[in-house]
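Encoded as structure tokens, the structure appears first; notes follow it.
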Amino acid sequence: MNTVESDKRHGWHPFTQMADWCAPEHEPLVLVEGSGAFVRDSAGREYIDGNSSIWTNIHGHRHPRLDAALKAQIDRVAHTSFLGFTNPPAAQLAAELCALWPGGKLSRCFLTDDGSTAIEVALKMAAQFRQLVGQPRKQRLVAFGGAYHGDTMGAASLGGIPLFHDRFAAWQFPVTHIQSLEELSSIDAAEVSAVCIEPLIQGAAGMRLWPAGMLAALREWCDANDVLLIADEVMTGFGRTGTMFACEREGVVPDFVALAKGLTGGYLPLAATLTTERVFEAFLGGPDRTLYYGHSYCGNQLGCAVALENLAIFREECVLDSLAAKIAHLSSLLKEFENAHGIIATRQCGFVAGIDVKPSGPLTGARVCVAARKHGLLTRPIRDTVVLMPPYCITEEQLGTCARAIAKAVIEVCKNR
Ligand SMILES: *Cc1c(COP(=O)(O)O)cnc(C)c1O
């Protein structure tokens, strides 16, 4: 069986209606190679990786330093248990991640596998923390409408996207969903353990920006009401919004931060949940205070070695400085979309752009993205919002190619209606 045959017969893809996927007329792209901002398919066609391989890639594919770090680690060992043992890259990564946050306030790092598990640990830590410090009434979680925090049950309980989350309502943790900060005043904070937010921008909601100052105001409310703040920086972390972390933009340090997607530069599944010494200290004592949580691949050495190299690239190659010019260039390209045919609105937060296309028949956004492939761009929409968030190594010229591909694709899709 070739790749497509065995995939269609035995595979099951995330967030995918498999009847459509397996239909004879559907020809899935088989991606076989990548280099810098490009990926290549099995027919030898090249595309710009316009959504950074689902928001994970940072410095481009096959970055020489990340490749070398992975190879060097594999010559030592790939994985050893973090349960009962430690290892050099995991211990160093914990220290370096904590050091990226001001004032030494986030001092503890729990390593897992992906964004969902990074959130899941924060929820378990928050729940047990309240029991340990004698606040058993404080168990409710607060999350926002439109939120996406992952697909494991706890993380999904926080989710505020009806199509994804409503059918699992019966299995949900006690979560109150609010649309805006104003609604906090109607909540009994004496019952609230933690609030979870995607800082600055909600990704899966369609690249929706929060009003400026909102995050800082939420931090203030949490402080005033003894509520823990969980910042989900799974998408925004590692420079995506222009600063290393989105929280920096409003001078906020959360009580928990979840990091994943870009942590290994988009190479390997690895995640981190950072928290404060205050939370950590509550768990010290006898076995009844232990955090009973873990995964087989916690502290994976390959992932940690690549993550360390990712951080070294940020430090030594002045990534954020050179990204600033590209963010400005992206703004000017989005400006040109203002009067473009079939485009209703654009939004930008750092190196993330959402481009709303005018609905023109079913699945307009998806059809625009398929049409854009012919013009050399690979990306995925969120409903009718086309996402553009390429690896940071993309050149201004290649960014222009992305914008032209979207503009042409929109015209083609609207014209055919
Ligand atoms: C992708 C994402 C997650 C889930 O991460 P996974 O690695 O897919 O489990 C959680 N939160 C945000 C904001 C995300 O973008």
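Here the accessible area of the chain is 57 percent carbon and sulfur, with a 1.4 angstrom probe and all protein chains present. The smallest convex shape that holds all Cα atoms of segment 237-356, its convex hull, gives 160 Å³ per residue. Rolling a 1.4 Å probe across the protein heavy atoms gives segment 76-316 an accessible surface of 40 Å² per residue. Note on the chain: antiparallel DSSP beta bridges, both residues inside, total approximately 65 percent of the bridges counted.
For segment 76-316, the ratio of Cα radius of gyration to the globular rule of thumb 2.2 N^0.38 Å stands at 0.97. Listed by chain and number, the lysines whose C-alpha is less than 25 Å from the C-alpha of residue 415, apart from same-chain residues fewer than 8 away, are 335, 358, 374.
Shape index of segment 32-75: Rg/Rh, with Rg the Cα radius of gyration and Rh the Kirkwood radius from the inverse mean 1/r over Cα pairs, equals 1.04. Overall, the ratio between the Cα radius of gyration of the chain and 2.2 N^0.38 Å, rounded to two decimals, is 0.99.
Rg then Dmax, both in Å and based on the Cα atoms of segment 142-213: 12.0, 35. Here the label points at residue 395 and residue 46, each 7 Å from Cα along the C-beta direction, are separated by 1.0 nm in the simple model. The aspartates and glutamates whose alpha-carbon is closer than 13 Å to the alpha-carbon of residue 261, local same-chain residues fewer than 8 away aside, are 113, 114, 232, 233. Principal semi-axes of the equivalent ellipsoid, √(5λ) from the alpha carbon gyration tensor of segment 275-321, are 33, 16, 6 Å from largest down.
Full extension of the chain between residue 408 and residue 54 yields a length gain of 125.2 nm, computed as 0.36 nm times the residue separation minus the alpha carbon distance. Considered as an equivalent ellipsoid built on the Cα gyration tensor, segment 341-417 has semi-axes of 20, 13, 10 Å, the largest given first. Spacing of the modelled spin labels on residue 137 and residue 169, each 7 Å from Cα toward Cβ, amounts to 2.8 nm. You can think of it this way: the chain between residue 281 and residue 86 has 68.2 nm of extra reach, that is 0.36 nm per residue less the Cα-Cα gap.
Contact order for the chain, expressed relative to its length and based on alpha carbon pairs under 8 Å spaced 6+ residues apart, stands at 21 percent. D by Stokes-Einstein for segment 160-287, Kirkwood Rh over Cα pairs, 25 °C, 0.890 mPa s: 152 µm²/s. Note on residue 292: accessible area is roughly 150 Å² with a 1.4 Å probe, heavy atoms of protein only.
The values are calculated or read from the model by the stated rules, or taken from the named source; none is laboratory data. Because the structure is predicted, anything quoted here is derived from the model rather than measured. Here the Cβ is made from the backbone with ideal geometry for all residues, glycine too, and neighbour counts use every protein chain on show. Surface accessibility is based on the protein's heavy atoms, side chains included, excluding ligands, DNA and RNA. Shrake-Rupley method; radii C 1.70, N 1.55, O 1.52, S 1.80 Å.
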